Amino acid sequence: MTPKSAPSPWRDPVALLAAPAVLYLLVIYAFPLLWLFMKSLTGPTGFTLQPYVSFLGDPFNWRVVGNTLRVAAWVTVVCFLIGYPAAFALARAGAVLQIVMLVAIILPLSVGAVVKAFAWQIVLRRDGIVSQILVGLGFWDEPQRLLFTETGLVLGAANIFLPFMILPIYSVVKLIDPRLSEAGATLGATPLYRFAHVTLPLTLPGIVSGVAFVFSMSVSMFVIPSLLIGDRFQTLSTLTGRSFLLMRNEQLGSTTAVILLVLAVAIVVGSTWLARRIGGSTT
Amino acid sequence: MNKSKTAILNRRTVLAAAGAATAALAAPRILRAQGKELVVGGAASHKNFVETIIAPVVEKKFSCKVVFEGSRSLVNLEKMQKNKDKQYLSVVMMDDPVMIPAVAEGLLDPLTVAKVPNLAALKPGTVHMDGMWCNYLQPWLGIAYNPKAMKTAPTSWADAYDPKYKGRVILPSLQNTEGLANLFMAAFLATGKPMADAQKDVDAGFKKLVTIKPNLLTAYTQMPQAYNLLEQGEGFMISSAISQVALERKAAGAPVDIAVPKEGIFAMPSGVALVKGGPQPELAAGYINEMIGPEIQAKLSAATYSLPTNKDTPVPAGAPTNATIFGINWKFVADNRADWVKRWDRDMAM
C-alpha cells in the first residue's frame, strides 16, 4: 500500500541468498527427518500408531522421558545462573580483558566433549578435587563420589554447554545502552526495580536464544551421559542410539527420536512464546 | 591473472588426485587378476595378527596372496548379503553372535574334516551348528582388578557381590558382549545348576544380579572408560573383563591384572567360516586349516593373550591352564538378547 513497504519475501532477490542454505537443510536435514517420522509410523502392514502406543504405555519409558527433561532443565538452569552474570562481565569489560574472556569461553569449544567428559571423571571421583574441597570446607564429613550421579552429569554438561548460554546473552547486553539503567536511577527506581523492569526485559531475546540452545543440546546429548553417568541412567537419546546401533530396531529408534524431537521443539517454542509474552507485558 | 592461475592449478590438483584415487581403488582388481588371491573379511583389530602371523604361513605354503579386509562383524555380514550372487570374500572371521544370522541366510558353507583336517583336533564345543563355523581362538573372561587397590586378588565371581566393595565394582553393560557373562554367572551362582542349564534360567540370573547394585560404580558401554576408572583406583574390579584387553594394559605397565575365579572362565567368540560361493574354495579351506593348525595356534594365542582352540597346542605362558571353561549358547542369546537388554535397563537403573 505505502510506497516504502518492503517487497514480498518471494520477490525479494536478497532472499535468494538463503537458497543454498535452504537446499542444504532440506536435503540433509528435513527429508531424512521426514523419512524418520514416516518410519516410526510404518508397521509390517502399513500405517500404525502401535510403536507410540506401546512406548508410552510402558511406565519405564516415562521415567526415561522424565530423566531426559529433568537433566536438560537443570543443565539449562545452571548454565543460566552462571552464564547471565558472566555475559554482563564480558560485555562491560575493557578491550583487552574482553578478548581474553572471549578466548577463554570459545577456546574450550575446540576440545571435544569426550575429552571434557574424561576430565570431569577425574574431577568428580571420590578423591577428586570437588570432593576434597567440600570435605575441607566442612560440608561433607567424608569424601564422596559425584561421578555417575545426576549432580555430576548436570555439572559436567553445564560446563560443556556454558558458552552457548553466555554468547547469545553477551551479544544482546553489548547493545544495551548503560545510560538506560542510570536514567531509571535518576527517576528513583531501586536497583532491583531497574533490573526487573529495564535490564531483564532488554536481555530477554538473548536469554531466549541461550536457553533454546542449551536446552536443545542437553536434551539430546548422547556421549556426555554415556561417559558421566553410564548405562544405568537411560535418556531418550541413549535409548535411540542403542535401538539403532545395538538392537537394530529401527522402528523403536525412530519412535524415540521423534518423541525426543517433538518434546524438545515444543518446550523450546513454548518457552520462547511465553518469554515474549511476559517480556511484552513488562516493557 | 594470478587468481586464475591458482584456479587452474587447483583444478589440475583435483584431477590428479581423482586419477590417483581411481588407480588406488582399481589396484586390488589388477592384483586379483594376476594370480591366486584369497580375500578374507574380519574385524579391523584382527589386521595385525592376520598379516604378521597367519598370512606369511598361508602365502608360503599355497603360493598365493592373502588380502585382508578389516571392518566389523556386522559389516562383513552386510558384504556377504549384498554380494550373495557373486561373493568376493572367501573366508570371514566374525563374532559367533553374527555367525548365526549368516547361517540363517545361507551365506556359509559348512566345514568338514575332509576339507579342513585340523578340525578334528579342535577342543569340544568350538565347532558350531554342524560345522558352519569354528572358533580359532578363545579370548577368555575373568575378573580384572587393580592390584594396588586390592591386596588379594578376587577368587570367585561371588566376590563382586561382597558388601566390602560398595561402589567399587564395574560391570559391562548387557549390550556389550562381555556383559552377558555376568548374567549367566549370576544364574549359576543363584541356582547351583550346571552352566549349560543355568544360562537358560535368566530370570534367576537377573534376581541375583540386582543384588549387586549397591556395589556398582558404573555399568560401562565404552571399555576404555572402565579401564580408566580401574587404573585410577576409583574402581577396584571389572567383573567379566576380556583377557586380551586386561593383559595388554598389564603389559603396558598399568596397575591391572586379571584373576581366574574358582568357578571358571568364559570363552569369548572368535569364529571363522567359509563363504558359500566364494572364490578359491580349496584355498579358503587351506587358510582355515592352517589357522587352526598347531603352528599358527601357538603364535596366535600368545600374541592375543587368548586360549588356543587346537587341543594339541600348549596353553601360552600366563594363561589359565586348569580352569573350567564355560561356553555361551549364542543361538539362545541371539533369540533373547533384546528382551534381556530391556530388562537390564529396568532392573539395573539407578
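The single condition among (1) touching a strand residue (DSSP E or B) at 6+ places or on another chain (Cβ under 9 Å); (2) within 14 Å of chain A (Cβ to nearest Cβ) that B:Asn228 does not meet is (1). Residues of the range A:129-145 that are of a type in the set (A, V, I, L, M) and away from chain B (no Cβ under 14 Å): A:Ile133, A:Leu134, A:Val135, A:Leu137. Of the residues A:Phe148, A:Phe88, the single one that is more than 21 Å from A:Met221 (Cβ to Cβ) and in contact with a helix residue (DSSP H, G or I) (Cβ under 7 Å, 6 or more places away or on another chain) is A:Phe88. On the given criteria, is A:Ile278 more than 13 Å from chain B (Cβ to nearest Cβ), under 18 Å from the mean Cα position of the chain (by Cα) and not in a loop (DSSP other than H, G, I, E, B)? Here the answer is no, as A:Ile278 does not meet what is asked.
Scanning the range B:116-132 for residues that are out of contact with any Leu (no Cβ under 8 Å at 6 or more places or on another chain), part of a loop (DSSP other than H, G, I, E, B) and closer than 12 Å to B:Ala285 by Cβ yields one hit, B:Val116.
Of the helices (runs of 4 or more DSSP H) contained entirely in the range A:193-275, those carrying at least 3 residues that are under 29 Å from B:Trp344 (Cβ atoms) and away from every other protein chain (no Cβ under 14 Å) fall at A:200-219.
Does A:Leu147 satisfy the condition of being without any contact (Cβ under 8 Å) to a residue 60 or more places away in the chain and farther than 20 Å from A:Ile82 by Cα?
No: the conditions fail for A:Leu147.
Taking the range B:304-324 as the range and being loosely packed, with under 15 Cβ neighbours inside 10 Å and in contact (Cβ under 8 Å) with a residue 60 or more places away in the chain as the test, the residues that pass are B:Lys311, B:Asp312, B:Gly318, B:Thr324. Can you tell me which residue among B:Lys213, B:Lys262 is at pLDDT 95 or above and within 14 Å of chain A (Cβ to nearest Cβ)? Criteria check complete, one pass: B:Lys213. Given the criteria surrounded by fewer than 24 Cβ atoms within 10 Å (Cβ to Cβ), in contact with a Pro (Cβ under 7 Å, 6 or more places away or on another chain) and either modelled with pLDDT of 90 or more or within 30 Å of A:Tyr170 (Cβ to Cβ) (or both), does A:Ser237 qualify? Answer is no for this residue. Tell me whether the range B:169-182 contains one or more residues that are surrounded by 18 or more Cβ atoms within 10 Å (Cβ to Cβ) and more than 14 Å from chain A (Cβ to nearest Cβ). Yes, that holds for at least one residue.
If you take the residues in the range A:117-128 that are surrounded by 20 or more Cβ atoms within 10 Å (Cβ to Cβ) and in a helix (DSSP H, G or I), which one is farthest from the other protein chains (Cβ to nearest Cβ)? Among residues in the range A:117-128 that are surrounded by 20 or more Cβ atoms within 10 Å (Cβ to Cβ) and in a helix (DSSP H, G or I), the one farthest from the other protein chains (Cβ to nearest Cβ) is A:Trp120.
When B:Lys213 is tested against (1) within 21 Å of the chain's Cα centre (by Cα); (2) more than 25 Å from B:Ala254 (Cβ to Cβ), exactly one condition is not met: (1). Which members of the range B:82-106 meet the condition of being part of a loop (DSSP other than H, G, I, E, B) and over 20 Å from the mean Cα position of the chain (by Cα)? B:Asn83, B:Lys84, B:Asp85, B:Lys86, B:Gln87, B:Tyr88, B:Glu105, B:Gly106, listed by residue number.
Residues in the range A:12-58 that are in a helix (DSSP H, G or I) and among the β-branched types (Val, Ile, Thr) were compared, and the one that is farthest from B:Lys342 (Cα to Cα) is A:Val14.
The values are calculated or read from the model by the stated rules, or taken from the named source; none is laboratory data. Note that the structure is a prediction, hence the values are computed from the model and not measured. So basically every Cβ, Gly included, is an ideal-geometry build from the backbone, and we count neighbours across all protein chains shown.
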